[in-house]
Amino acid sequence: MKPHKTGVSSLHESPGSNQAWVVRSSHPINNSFGVRVRAAWFATIYRSEALFSLFNRISASAPAPLFLGEATNVLFRQDYPGWVIRLANRGIRVVVNEPNAVEVQVAAGENWDNFVHWSLDAGLAGLENLIHIPGSVGAAPVQNIGAYGVEVGEFIVSVICWDREQRSLVSLARDECEFAYRHSRFRKFPGRYLVTEVRFRLERKRQLRLTYRGIQEELERMEIADPTPSDIGRVIVCLRQRKLPDPGIIGNAGSFFKNPVVTSLQAEELKQRHPNMPQYPGVNGTVKLAAAWLIEACGYRGYRQGDAGVSQQHALVLVNHGAATGADLWALAEHIRADVYEHFSVILEPEPRIL
């Protein structure tokens with residue numbers, strides 16, 4: 001970990017083209033679940049240099065602030081009693097340009113899917129399997145987002161963030177980020193690090209990841225024999241749109257539960273009892289199970305409990321049919337977890353952050 005230097009010495013705190021931040025009290029928190037919640041204080045940061053002054057303003061005795069991107073992977077069970085801080089900085093710039101590789105520095109406030117499209121339009125490969133994932137660039141390393149056999153941590157060189165303990169901007173190399181399945185150093189220490197920029201290393205030519213179930217079938221349907229990264233991007237968009245409900249139409253945060261990882265012994269016992277159960281090789285001899293299969297096997301696909309429900313499109317997605325509260329959705333999640341454990345002795349862990 002090393003300090004990150006900034007050359008900006010002045011701040012503009014009033015609204016306008018040069019504003020650095022905007023602070024509001026008792027402010028609604030827009031979120032992809034569509035639950036109605038408010039923050040006691042809500043700060044929108046347009047320039048990361050404003051964090052120096054903002055954290056001087058926040059009392060040391062105040063509850064730990066919540067760092068929020070586009071709120072697509074969080075479930076609020078109630079109003080947030082402290083500060084919510086959202087990065088809205090923008091910018092994508094090439095910082096290293098080699099014959100077959102490019103390093104790109106991206107502001108945390110950029111939309112993730114827009115950045116993936118930018119990379120494909122620039123002829124860069126690597127992120128195509130992660131297309132159409134909602135959220136901001138700054139949230140990507142926190143969750144170590146992954147899809148269709150790819151995780152974002154593979155392509156990250158470093159992450160610049162505000163460290164509340166050091167009260168400064170620092171740069172963490174990829175190895176310091178502690179990336180694992182849906183996990184990172186940033187998730188390990190919630191409230192300590194606020195990601196401000198991410199540096200990615202992408203290639204102009206690389207072997208495409210095509211082994212995930214459904215990709216080859218979709219390529220054949222599209223009659224694509226020699227796919228490019230952009231072709232894979234189009235395939236993934238089709239697969240995601242077919243499987244996952246649009247949060248713009250019905251409130252959801254995508255996959256609600258992580259795929260559980262079990263020992264090989266437990267996996268074998270489960271396979272004997274349930275021969276059709278999908279299982280995938282994990283790391284260090286472990287086995288990964290399909291959470292969606294476990295939930296559907298318990299009969300929850302399309303299930304509804306008031307306005308809290310499980311998507312008919314995909315059993316892994318909890319949805320808000322209109323007026324569900326965060327507490328309603330969490331009660332349903334807990335009910336599903338208990339039932340899955342009763343049937344399979346497997347513990348499901350939520351993927352979104354629960355507040």
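Laboratory data are not the source of any read-out in this text; all were calculated from the coordinates shown. What you are looking at is a predicted structure, and each value in this text was computed from that prediction instead of being measured. Neighbour counts are summed over all protein chains in view; Cβ atoms, including those assigned to glycine, are modelled from backbone coordinates with ideal geometry.
Give, as a single signed number, the net charge of other residues whose beta carbon lies under 13 Å from the beta carbon of V116, with Lys and Arg counted +1 and Asp and Glu -1. Let's see the in-between values first.
Values: positive: R234, R240; negative: E110, D113, D121, E128.
That sum, taken over residues with Cβ under 13 Å, equals -2.
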Here the percent of antiparallel bridges among DSSP beta bridges lying wholly in the chain, to the nearest 5, is 85 percent
What is the dipole size for the chain, taken about its Cα centre, with +1 at each Lys and Arg Cβ and -1 at each Asp and Glu Cβ, in debye to the nearest 20?
720 debye
For S168, what residues show an amide H to amide H distance below 5 Å, using hydrogens built from the backbone and excluding near sequence neighbours?
D163
With only Lys, Arg, Asp and Glu charged, each at its Cβ (+1 for the first two, -1 for the last two), find how big the charge dipole of segment 296-355 is about the Cα centre; round to the nearest 20 debye.
120 debye
Under the Karplus relation 6.51 cos²θ - 1.76 cosθ + 1.60, θ = phi - 60°, what is the ordered set of whole-Hz ³J(HN,Hα) values for segment 185-195, x standing for Gly and Pro?
4, 5, 7, 5, 10, x, x, 8, 10, 10, 5
Between A173 and K258, what FRET efficiency follows from the Cβ-Cβ distance if R0 is 35 Å, with the result rounded to 0.05?
0.85
Assertion target for K188, K288, ordered by fewest C-beta neighbours within 10 angstrom first, is K188, K288
For the chain, build the charge dipole from Cβ charges (+1 Lys, Arg; -1 Asp, Glu) around the Cα centre, then report which of F179, I232, Q305 sits farthest towards its positive end.
F179
Local electrostatic count, S136, Cβ distance below 13 Å [Lys/Arg +1, Asp/Glu -1]:
-2
Expressed as a percent, the portion of alpha-carbon pairs in segment 87-139 spaced more than 14 Å apart is 51 percent
Over the chain, the sum of -39500 (n - 2.57) across DSSP H runs of at least four, divided by residue number and rounded to 500 deg cm²/dmol, gives at 222 nm -7000 deg cm²/dmol
Helix by helix, which DSSP H runs in the chain go 20 Å or more along their axis at the Cα atoms and have an average Kyte-Doolittle hydropathy of -0.5 or more?
229-243, 326-344
Using alpha carbon centers only, segment 241-257 is separated from segment 48-71 by a whole-angstrom value of 30 Å
To two decimal places, what compactness ratio does segment 245-355 give when its Cα radius of gyration is scaled by 2.2 N^0.38 Å?
1.09
Quarter of the Cα convex hull surface for the chain, i.e. its orientation-mean projected area (nm²):
19.3 nm²
